[in-house]
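The values are calculated or read from the model by the stated rules, or taken from the named source; none is laboratory data. Bear in mind that the values here come from a model prediction, so they are computed numbers and not experimental data. Heads up, the Cβs are rebuilt from the backbone with ideal geometry, glycines too, and the neighbour counts pull from every protein chain shown. All accessible areas refer to the heavy atoms of the entire protein, side chains included, with ligands and DNA or RNA removed. Shrake-Rupley method; radii C 1.70, N 1.55, O 1.52, S 1.80 Å.
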Amino acid sequence: MKSYLYGLNEDRFFKKTVEQLVREYMIEEIIETGTYKGLGSTMVFARTNLPVFSIECNGTCVDMARDNLRDYPNVVILHGYSLKQKEIIQFLFQDNLDEKKWKAKAAGRGRGLFFCLRELSCPASAENLLIKLISNNKRQLVFLDSSDGVGWLEFKAFMAIKQRKKKILMLDDVQVVKHSRSVQELKRQGIKFHLSRTKRWGWASF
Ligand SMILES: C[S@@+](CC[C@H](N)C(=O)[O-])C[C@H]1O[C@@H](n2cnc3c(N)ncnc32)[C@H](O)[C@@H]1O
């Protein structure tokens, strides 16, 4: 299993693809789950000059990202959860993935259920921000890159919104537990998923 030791800001093909998608689909806004320090995907999105809304539940990361992106007034880092925190935690426990398999799928990232629960127990007053930001008719590029354990839940939430036809969906970590099921589901529905050369990330239009 591939170990991703580089940030998306160092992936030239990621940058090029984002620029192409923005142009080709006349994207108006970029929405992202999972900012971390703001130096990876968020930096790439910031440089498009489009309005960028990035959701991050960890307050320490929010402060670092705001500082790292201080030169980009087009970027808003929202401190909160992509979905409802209670539902996320319930989902993590209910998700009937075998823990060993789950760890194996997250190999190279050192992730597991324990890590996810830690990541998702940060105090943050805002929640369900992904749904609030994408329930509209805007042409948005939506990038789902939060916790390994939440990828599938965020994907299902995205697929459930009526207005998704005007949006581009980008997924990171599609070979591991975060979005391996999301890609399988897109294929099952006959929706083309454009996989990157690195096989790490990809995108779909609707
Ligand atoms: C994989 S990192 C994001 C990496 C970033 N996109 C980049 O390219 O550098 C995941 C981040 O998502 C945050 N996170 C995890 N689950 C979340 C959720 N449900 N809502 C908001 N943030 C979440 C974590 O605190 C962590 O900083």
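Key figures
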read-out	value
Some residue of the stretch 106-114 being at pLDDT 75 or above, within 12 Å of the ligand (Cβ to nearest atom) and open to solvent by 40 Å² or more (accessible area, probe 1.4 Å)	no
The one condition in (1) at pLDDT 95 or above; (2) within 9 Å of the ligand (Cβ to nearest atom); (3) open to solvent by 10 Å² or more (accessible area, probe 1.4 Å) that Y72 fails to fulfil	(2)
Residue in the stretch 60-69 that is under 18 Å from L117 (Cβ atoms), in contact with a Cys (Cβ under 7 Å, 6 or more places away or on another chain) and within 12 Å of the ligand (Cβ to nearest atom) present	no
Qualifying residue in the stretch 195-202 (condition: assigned to a helix (DSSP H, G or I), among the charged types (D, E, K, R) and more than 14 Å from the chain's Cα centre (by Cα))	no
The stretch 123-146 - residue that is polar (S, T, N, Q) and within 12 Å of the ligand (Cβ to nearest atom) and, of those, surrounded by the most Cβ atoms within 10 Å (Cβ to Cβ)	S146
Every residue from the stretch 152-192 that is part of a loop (DSSP other than H, G, I, E, B) and loosely packed, with under 15 Cβ neighbours inside 10 Å	Q189, G190, I191, K192
Residues satisfying the stated conditions in the stretch 1-36, i.e. more than 18 Å from V174 (Cβ to Cβ), among the charged types (D, E, K, R) and either surrounded by 19 or more Cβ atoms within 10 Å (Cβ to Cβ) or in contact with a strand residue (DSSP E or B) (Cβ under 6 Å, 6 or more places away or on another chain) (or both)	E29
